[in-house]
């Protein structure tokens, strides 16, 4: 889904998890099935009191991993289920999508400016929150392609707070109407669109890249 196409843009801002990598929601669903938990339980917990729950506080680095583990478990318990926060953290690091990396390289080669805004937590290794050193190194290599990366856990802000998008625009020296923004969560696309960016909700790799080509006015399949 794409909103706001209308003029030439030279800057692309990406979310990381669920865009550059596979979505952790897939891993969440798998664990829920394996444990006999209700479908979308983890997303339901994280959507309850979205600005003040354990997940939100951890993404802003207001609590540490141990605090998140306990707080998330209590939120699950209130809903009648046993699930530790640490079990969820183990599922966060998705697999890198090669076509997305190819798109980053194409964009860089063709003179586009690249930014990344990621909601993450101070757990695991690096921005991708991996518990595997090899995967963390691969993520770090991908992040090197961006002109600037903003991590929620380092700046104390998280999407969809408009201030984190403004921070990226100010750092890149760009106006919103020069930018395309990609995220797998509609709630995170809304502030970008309201500011004047083209906002693309990522529902799949091929769809996202087709929408990006359209937004930039380049040939489909360029990536």
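The values are calculated or read from the model by the stated rules, or taken from the named source; none is laboratory data. Remember, it's a predicted structure, so these values are computed and weren't measured experimentally. For neighbour counting, all protein chains shown are included, and Cβ atoms are generated from backbone atoms with ideal geometry for every residue, glycine included.
Working only within segment 18-38, note down all residues that are modelled with pLDDT of 90 or more and in contact with a strand residue (DSSP E or B) (Cβ under 9 Å, 6 or more places away or on another chain). Within segment 18-38, 18, 19, 20, 21, 22 qualify. From the list 189, 179, the one residue that fits, being within 15 Å of the chain's Cα centre (by Cα), surrounded by 23 or more Cβ atoms within 10 Å (Cβ to Cβ) and either touching a residue at least 40 places away in the same chain (Cβ under 8 Å) or assigned by TED's automatic domain parsing to the domain that holds residue 105 (or both), is 189. No other residue among 114, 92, 104 is touching a residue at least 12 places away in the same chain (Cβ under 8 Å), closer than 21 Å to residue 8 by Cα and crowded, with 19+ Cβ neighbours inside 10 Å apart from 104. Annotation for segment 200-220: at least one member residue is closer than 18 Å to residue 118 by Cβ, touching a helix residue (DSSP H, G or I) at 6+ places or on another chain (Cβ under 7 Å), in the same structural domain as residue 114 (by TED's automatic domain parsing) and in a strand (DSSP E or B).
Taken together, the residues in segment 57-69 that are crowded, with 17+ Cβ neighbours inside 10 Å and assigned to a helix (DSSP H, G or I) amount to 5. Quick one: which residue in 163, 159, 190 is modelled with pLDDT of 95 or more and not in a helix (DSSP H, G or I)? Within the list 163, 159, 190, the selection yields 159. If only residues of segment 81-98 that are under 15 Å from the mean Cα position of the chain (by Cα) and part of a loop (DSSP other than H, G, I, E, B) are counted, the one that is farthest from residue 205 (Cα to Cα) is 91.
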